[in-house]
1. Go through (1) more than 27 Å from residue 191 (Cα to Cα); (2) of a type outside the set (Val, Ile, Thr); (3) touching a Phe, Trp or Tyr at 6+ places or on another chain (Cβ under 6 Å) and name the single condition residue 87 misses.
2. Of all residues being over 17 Å from residue 114 (Cα atoms) and in contact with a Phe, Trp or Tyr (Cβ under 9 Å, 6 or more places away or on another chain) in the stretch 60-75, which is surrounded by the most Cβ atoms within 10 Å (Cβ to Cβ)? Just the residue, please.
3. Quick check on my filter: what residues within the stretch 5-42 are surrounded by fewer than 16 Cβ atoms within 10 Å (Cβ to Cβ), charged (D, E, K, R) and not in a loop (DSSP other than H, G, I, E, B)?
4. Against the condition at pLDDT below 90 and more than 28 Å from residue 195 (Cβ to Cβ), how does residue 26 come out, does it pass?
5. With the condition kept exactly as written, say whether any residue in the stretch 45-56 is open to solvent by 20 Å² or more (accessible area, probe 1.4 Å) and in contact with a His (Cβ under 9 Å, 6 or more places away or on another chain).
6. Give just the number: which of (1) touching a residue at least 12 places away in the same chain (Cβ under 8 Å); (2) farther than 17 Å from residue 135 by Cα; (3) in a loop (DSSP other than H, G, I, E, B) does residue 54 not satisfy?
7. Can you list residue pairs whose Cβ atoms sit under 9 Å apart, with the first residue in the stretch 162-181 being closer than 11 Å to residue 137 by Cβ and the second being in a loop (DSSP other than H, G, I, E, B) and among the hydrophobic types (A, V, I, L, M, F, W, C)? Count only pairs 6 or more apart in sequence or on different chains.
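The values are calculated or read from the model by the stated rules, or taken from the named source; none is laboratory data. These numbers were taken from a predicted model, which means no experiment stands behind them. Cβ: placed from backbone, ideal geometry, glycine included. Neighbour counts: every protein chain shown. Heads up: the accessible areas ignore ligands, DNA and RNA and are worked out on the full protein's heavy atoms, side chains in. Shrake-Rupley method; radii C 1.70, N 1.55, O 1.52, S 1.80 Å.
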Amino acid sequence: SAYDLDTGARTWNVPFADVGGRDWELNEIFTFEDETFLLLRPSQRGTRLEPGLFALNTKLGALTTRPLAEVPDGRLLGAGMGRRTELRSPYLFALQRPTQEDGQFVVRAIHLRFGERWRARIAKGAKTLYAYDMPMPEVSGDTVALTYVVPNERAGSRGRQPVLALLDRTNGRERLLVDLPHELFGTTAPIRLDALGDGLFACGARMMQWMR
């Protein structure tokens, strides 16, 4: 529901019990410029219906009846259940776990207006990916920067290796893959990426690194 802050009157109401003939529950809210998007999950567990990303018109109180994109497992990088997130680019990124047929971790780029744009395999050859350590990727004019953490048994690695991957924004092709310092990894918070001009800050638990 939306309320007028001056009068307290309710201006509109959007029920999730019948969106496209399905019963949904609100999971997360995303805003970009003057647009709002909702991640909805099926209210009934065990259904074949996947969580989906829907556009919300906040002026009219109207919700699209079909999702812009399905989000298997409801896993969007850098997002959290029950939160409202302001986006700096018109992209969200979903993590798709390996299937028996493929065996690869896949990141899907979802454009807020045009839906899924590409899929890219990451952490090639890794059987485990610490997904909770993956922040929201940074998007520049032609590059997507994302980090992930994989197992590493080498001495001094604390058992985990943070990695920076630079992908082509238009098609998801890998441009560069770099092992990050182990000091960036922490158990209390994920590595955070912040773009500044043509450079990138990687901020971790015990250090910060600037890259160009």
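1. Failed condition: (1).
2. 61
3. Across the stretch 5-42, the qualifying residues are 10, 25, 35.
4. In short, yes.
5. Checking the stretch 45-56: not a single residue is open to solvent by 20 Å² or more (accessible area, probe 1.4 Å) and in contact with a His (Cβ under 9 Å, 6 or more places away or on another chain).
6. Against the list (1) touching a residue at least 12 places away in the same chain (Cβ under 8 Å); (2) farther than 17 Å from residue 135 by Cα; (3) in a loop (DSSP other than H, G, I, E, B), residue 54 comes up short only on (3).
7. 164/180; 164/191; 165/123
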